[in-house]
Amino acid sequence: MAGNWKMYKTPAETTAFFEKFRPMVEKSSHCEIVICPSFTNLAAAVEAVKDSKIRIGVQNIAWAKEGAFTGEISGPMIQAVGATEALVGHSERRQYFAETDETVLQRTQAALEFGLAPIVCVGERLEERESGKTKDVLVAQFEKGIAGLTAQQFAKIVIAYEPVWAIGTGKTATPEIAADAHRTIRGQVHATYGKDAAEAVRILYGGSVKPDNAKTLMAQPEIDGMLVGGASLDPVGFASIVNF
């Protein structure tokens, strides 16, 4: 169960969130919990989850170790602050900041190089779904953005399916639509890395997940977890999703 805070909260608000959230999930042993705050909140978040099983991730990672890359943040910097996971290729990064499948692969490889667990995002836009291209888009994003990993590298990643048309719109893919997309992705894993990898990989669903739809989505065998956006900003709401 992963939360993506996007560009919200201050360090003080981050600390206040975890004061409420931690007690509500401390006995939640059925899943792993990751929260990805903005870079300025990382130190406060890492401190707030100390001695808990909640892990902290970042929303982006540079493909380089260091250098003239204004505005980026590198694996060693992320490691140094205590974060352990990295979102890669979120649709907002693709839409607003020219992220491509090729840079998604580079960033994923960088995360792995520096001991971070990548959560690699894929998903189609509304016009692609309406024109029947969902499967083609997912296959292309997998082939260009993920399939370049070695089998050993692939075993360390999590995939998140995010239909772009459902992010922040209030529209949610039905459990059946989500499961169908997850089957497509898992089929690509099977074809590229084999049966064992396809069974082992965790594929999260993201796209207007809320406390009232988490249970029906998680009832689908193909859905292994959630990548939650806006609803992860509220400690009570996100705890109820974690404890679906």
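Throughout, read-outs are computed from the coordinates displayed, never taken from laboratory work. Everything numeric here is computed off the predicted structure, so don't read it as measured data. Positions of Cβ are backbone-derived with ideal geometry, glycine not excepted, and every protein chain shown enters the neighbour counts.
Points to keep in mind about this one:
- For the chain, the fraction of C-alpha pairs more than 35 angstrom apart is 8%.
- Segment E113-K215, extension gain: residue separation times 0.36 nm, minus the distance between their alpha carbons: 33.2 nm
- Against the rule of thumb 2.2 N^0.38 Å, how large the Cα Rg of the range 1-117 comes out: 1.07
- The slack between E13 and T169, meaning 0.36 nm per residue of separation minus the straight C-alpha distance, is 53.7 nm.
- Each Lys and Arg adds +1 at its Cβ and each Asp and Glu adds -1 at its Cβ; summed about the Cα centre, the range 2-242 shows a dipole of about 280 debye.
- Per-pair calculated FRET efficiency, R0 = 35 Å: E199 and E47 via Cβ, rounded to 0.05: 0.40
- Note on E127 and A68: the model spin-label points, each 7 Å out from Cα along the C-beta direction, lie 3.6 nm apart.
- When each of the peptides 53-59, 160-166 is scored by how many other beta carbons lie within 10 Å of its residues on average, the order from highest to lowest is 160-166, 53-59.
- Listed by chain and number, the aspartates and glutamates whose alpha-carbon sits under 15 Å from that of K144, ignoring those within fewer than 8 places in the same chain, are E99, D101, E102, E124, D136.
- Neighbours of L126 by Cβ distance under 13 Å: Lys/Arg scored +1, Asp/Glu scored -1, total -1.
- Computed from backbone phi with θ = phi - 60° and the Karplus coefficients 6.51, -1.76 and 1.60, the 3J(HN,Hα) list for the range 215-232 is 5, 5, 5, 5, 6, 6, x, 6, 9, 9, x, 10, 10, 9, x, x, 5, 7 Hz; x is used for glycine and proline.
- Farthest toward positive dipole pole in the range 2-242 [+1 Lys/Arg, -1 Asp/Glu at C-beta], among F39, T134, S28: S28
- The modelled label-to-label distance for the pair A140/V81, using points 7 Å beyond Cα in the direction of Cβ, is 3.4 nm.
- Helix runs (DSSP H) in the chain reaching 20 Å along axis by Cα, Kyte-Doolittle at least -1.0: 11-25, 175-193
- Under-5 Å amide H pairs with A86, H placed in peptide plane, nonlocal only: V58, A117, I119
- Structural descriptor for the range 2-242: relative contact order 19 percent, calculated from alpha carbon pairs under 8 angstrom and at least 6 residues apart.
- Efficiency of FRET from Cβ geometry, K20 and Q95, R₀ 35 Å, rounded to 0.05: 0.65
- Pairs exceeding a 21 Å alpha-carbon distance, out of K171/K215; K133/K210; K20/K50; K171/K210; K6/K133: K133/K210; K6/K133.
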